[in-house]
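Everything below concerns the one structure shown next.
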Amino acid sequence: MHIPNALFAPDRLASLHQRHLMDAPKDPALDRVTEFVARMLRAPVALLTLVDRDRQFFLSNFGLSGLVACARQTPIRYSFCQYVVAHGEPFIVNDARVHPLVRSNPATRELNVVAYAGVPLITPDGKTLGALSAVDIKPRQWKPKDMELLNALAAHVVTELELRAKKAELGKELRTWQVNETERLTAARLTVHDLRTPLTGLLLSLEMLPQMGTLTKDQEDLISMCLRTGAALKKLIDDLLEIHALERGDMFALHWTSVAPSRLADQAIEQVRALAANKSIELTPIVMGEVRDVEVDDEKITRVLVNLLANGIKFTTPGGRVGTSITMTGESDSAAIVFAVKDTGLGIKTSDARRIFNQGLRLNESASIEESAGLGLTYCKRIIEAHGGSIWLESVYGKGSTFFIRIPCRGLVSHKSLFNSTLKVKRAPRRKNEKQGGEITDRVQT
Ligand code: ADP
C-alpha cells in the first residue's frame, strides 16, 4: 500500500510529539466527544486518533472492543485516518470492500471496518495531528450533516488540545521561573547578609572617631548623621534577612516564651522614648484590659511593636500623641491578645491602606532610607503570621491611624509541629470579619 508522504512531514511529526499526547491516559472529557459522535451519527464506533509515522493512537475511542481497545493503537497499515492526515481533508468511505485505496487494508478484513468518515484535527498553525472519525461495520452513505457535525466537534477538540498544550507550557515556564526566583532570592539574601559585616565595622569605626581627638561641631554633626543613617541601614538589612528567612519557611528563627503582654509593650515603648521626645510626641500610658500571658517570640514581637510605634511617631506632627492599648478577645483555646498602636498623625487613605503591607511600599516616595524603606510593615506582617495571628489597621485620613495586631495566646496551636512542616502553620481561629495574613479589613475608613 502507498503511504502518502505528507504523513511523514517532520514539522507535523514534531508538532505531534511536542504535545506529549501519544500514549496519554484516557480522558473523560475527550471520551464524551467520541461517545457523542457515535450516538449522533448512529455509528457503532467513533475514534479520536493521533497519527504518528508508523502507528495510530486512539486518544479516545467509543465502541472498540478486544485487543485493539486494550492497546488503544494499531500499526499504520490498519489506519484509515492516515489518509485524512496525508491530505489534511475529510476522507469518506461508503464501502471499504470496493474502495480503491482501502479495499486491501487489513482493518477491513480483521476489524470489520466497512464504512468510514473522518475529518482532520488541524492545529492553528496548520499541522494535522490526526482525525475525528465514525466507523460502521456495514456499508453506508455518509451525509453532509454527518460531516458537518464531525467538523464542528473536531474544531472543539483542537481548541481543547491547544488549551492543554498552553497549560502544560505555562506550568513548565512557572516551574523554571520558580527555580530562577529561588536562586535569585538566595543570591540576594547572601548579598544582603554580606553587607552586614562591613557595615558593622564602619559603624564601630565611626563611633571611635570622637575618641581620637577633638572634633569640630560640624564634624560631630556629620558623624552622628552617618551613625543614624548607618543604624537605619543595619535595621533594614536585619528586616530583609528575617523576611527572607520567614519566606523560606525557616520557622526555627522563632524562639517561643510565655510572656506578659504589658512587658512586650513596655520594652517597645522604652526603645522609642528618645525618638518621641526628639519630635515632641507624647507617648500616652498603656491602656490595659484584663489579659493573660501570651506565647510568642519575645524579641520579635517587641520589634513589631517598635516598628508600629516608630511609624506612629514618624508620621505624626510634633505635639501629637501615640498610644498603645492591650485587650483580650475570645476564651480558652481561641483566646487572643490584641495590641493597638494609635497615633494622631497623617492617617492613611483607604486605597493606600489596602497595599500598605506590601514589601517595599512607601507612600512617600521622596523619603530617604533613614526615614522610610517600606519594609517595616512587611516585616510585621510576616512575624505576626508566623505566630498564627493577623495585622490590620483603621485610619481616618488626616486624623490618625490605629494598627492592630492580634496574637493567639497559645501562638501556634502546636508550634512544635513546625519541626516537620516548615510553614504549614496551624492558625488559631480568627475573629469574624478579619481576613487572614495581615490583609486590610473593612474596618479601614477614611
Ligand atoms: P517604612 O516605615 O520604613 O516606610 P513601613 O512598611 O513601616 O515602612 O511603612 C510603609 C508606609 O506606610 C510608610 O512609608 C508610610 O507611608 C505608611 N505608614 C506606615 N505607618 C503609618 C502611620 N502610622 N501613619 C501614616 N502612614 C503610615
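Rule-based calculations on the coordinates, nothing more; no lab input. Everything numeric in this text was worked out from a predicted model, so none of it was measured. Neighbour counts are summed over all protein chains in view; Cβ atoms, including those assigned to glycine, are modelled from backbone coordinates with ideal geometry.
Any chance you could check the Cα centroid distance between the stretch 184-227 and the stretch 155-172 for me, in angstrom?
One Cα centre to the other: 56 Å.
Mind listing the phi-derived Karplus ³J(HN,Hα) values for the stretch 16-30, rounded to whole Hz, using 6.51, -1.76 and 1.60 with θ = phi - 60°, and x for any glycine or proline?
Once θ is set to phi - 60°, the couplings for the stretch 16-30 become 5, 6, 4, 7, 6, 9, 5, 6, 5, x, 5, 10, x, 5, 6 Hz.
Quick check on the chain: take the gyration tensor over C-alpha atoms, sort the square-rooted eigenvalues as a ≥ b ≥ c, and tell me if it's rounded (a/c under 1.5), prolate or oblate.
prolate
Explain nothing, just compute: Karplus ³J(HN,Hα) = 6.51 cos²θ - 1.76 cosθ + 1.60, θ = phi - 60°, for every residue of the stretch 149-159 in order, whole Hz, x for Gly and Pro.
Taking θ as phi minus 60°, the curve returns 5, 4, 4, 5, 5, 5, 4, 4, 4, 4, 4 Hz for the stretch 149-159.
The stretch 223-321: which trypsin sites (Lys or Arg not before Pro) are DSSP loop and have at most 12 other beta-carbon atoms within 10 angstrom?
Taking the stretch 223-321 and a limit of 12 other Cβ atoms within 10 Å, the loop trypsin sites (Lys or Arg not before Pro) found are Arg292.
Can you list the residues, at least 5 places off or on another chain, whose amide H is less than 5 Å from the amide H of Leu393, using H built in the peptide plane?
Hits under the 5 Å cutoff: Phe404, Thr441.
Would you mind calculating the relative contact order of the chain from Cα pairs under 8 angstrom and at least 6 residues apart, reporting the percent as a whole number?
Here the relative contact order equals 10 percent.
Treat the count of other C-beta atoms within 10 Å as a stand-in for reagent exposure and order Asp333, Asp298 from fewest to most.
Placing the least packed residue first, the sequence is Asp333, Asp298.
By count of other Cβ within 10 Å, fewest leading, how are Cys81, Cys70 ordered?
Lowest to highest Cβ neighbour count: Cys70, Cys81.
Taking the stretch 36-124, which trypsin sites (Lys or Arg not before Pro) meet the DSSP loop condition and have no more than 11 other C-beta atoms within 10 Å?
When the trypsin sites (Lys or Arg not before Pro) of the stretch 36-124 are filtered for loop state and at most 11 Cβ neighbours within 10 Å, Arg42 remain.
Please order Asp343, Asp136, Asp218 by the number of other Cβ within 10 Å, starting at the fewest. Numbers along the way, then the final one.
Numbers: Asp343 25, Asp136 22, Asp218 8.
In order of increasing Cβ crowding within 10 Å: Asp218, Asp136, Asp343.
What are the ³J(HN,Hα) values, in whole Hz, obtained from phi via the Karplus relation 6.51 cos²θ - 1.76 cosθ + 1.60 with θ = phi - 60°, for each residue of the stretch 34-47 in sequence order, with x given for Gly and Pro?
5, 5, 5, 4, 4, 5, 5, 9, 6, 10, x, 9, 9, 10
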